[in-house]
Amino acid sequence: MSEKLVATKAALDFIEQLKEKHGELMFHQSGGCCDGSSPMCYAKGELFLGDSDIKLGEIGGAEFYINKDQYESWKHTKLIIDVIEGKGGMFSLDNGTGKRFITRSELL
């Protein structure tokens, strides 16, 4: 499924900065609850995954997960993980850095 997930150079550089501070990372594509539909970044193992989460691929050496139901809605979409200036998700490691991850998309 890796062709459905890519990251920009800016996102990969930011991932490296976060890895230096927090160690190995993981991502989960938020489904729109507390932090909209942002890619949420956690220290690896910090988020407990359930049976309804699937691994979409990896970016910058960090595993990237999405909920099965959300994947079904987005299965014809390529996710492009990018970073912009702004406030990160309240539970994401990008919070407080002045930058935040965002998901851009392209139809396949």
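The values are calculated or read from the model by the stated rules, or taken from the named source; none is laboratory data. Everything numeric in this text was worked out from a predicted model, so none of it was measured. Please note: Cβ atoms are built from the backbone with ideal geometry, for glycine as well, and neighbour counts cover all protein chains shown.
Name every residue in region 83-100 that is under 13 Å from the mean Cα position of the chain (by Cα) and buried (at least 18 other Cβ atoms within 10 Å of the Cβ), in order of residue number.
Passing the criteria: 83, 88, 89, 92, 93, 94, 100.
Could you list all residues from region 55-91 that are hydrophobic (A, V, I, L, M, F, W, C) and assigned to a helix (DSSP H, G or I)?
74
How many residues does region 64-82 hold that are under 12 Å from residue 15 (Cβ atoms) and either over 11 Å from the mean Cα position of the chain (by Cα) or among the charged types (D, E, K, R) (or both)?
1
Just checking, how many residues over region 58-73 are more than 18 Å from residue 92 (Cβ to Cβ) and surrounded by fewer than 18 Cβ atoms within 10 Å (Cβ to Cβ)?
Residues in region 58-73 being more than 18 Å from residue 92 (Cβ to Cβ) and surrounded by fewer than 18 Cβ atoms within 10 Å (Cβ to Cβ): 4 in total.
For residue 20, indicate whether it is modelled with pLDDT of 95 or more, over 26 Å from residue 108 (Cα atoms) and within 14 Å of the chain's Cα centre (by Cα).
Judged against the criteria, residue 20 is not a match.
Name the residue that is modelled with the lowest pLDDT, counting only residues in region 36-46 that are surrounded by fewer than 17 Cβ atoms within 10 Å (Cβ to Cβ) and assigned to a loop (DSSP other than H, G, I, E, B).
Checking each candidate, the answer is 36.
Looking only at region 17-35, decide whether some residue is among the basic types (Lys, Arg), buried (at least 17 other Cβ atoms within 10 Å of the Cβ) and farther than 18 Å from residue 5 by Cα.
Yes, region 17-35 has at least one match.
Across region 89-108, what is the number of residues that are free of Cβ contacts under 8 Å to residues at least 12 places away in the same chain and either hydrophobic (A, V, I, L, M, F, W, C) or within 16 Å of residue 6 (Cβ to Cβ) (or both)?
Summing the residues that are free of Cβ contacts under 8 Å to residues at least 12 places away in the same chain and either hydrophobic (A, V, I, L, M, F, W, C) or within 16 Å of residue 6 (Cβ to Cβ) (or both) in region 89-108 gives 0.
Within region 64-88, which residues are free of Cβ contacts under 8 Å to residues at least 40 places away in the same chain and of a type in the set (Val, Ile, Thr)?
Scanning region 64-88 gives 66, 84.
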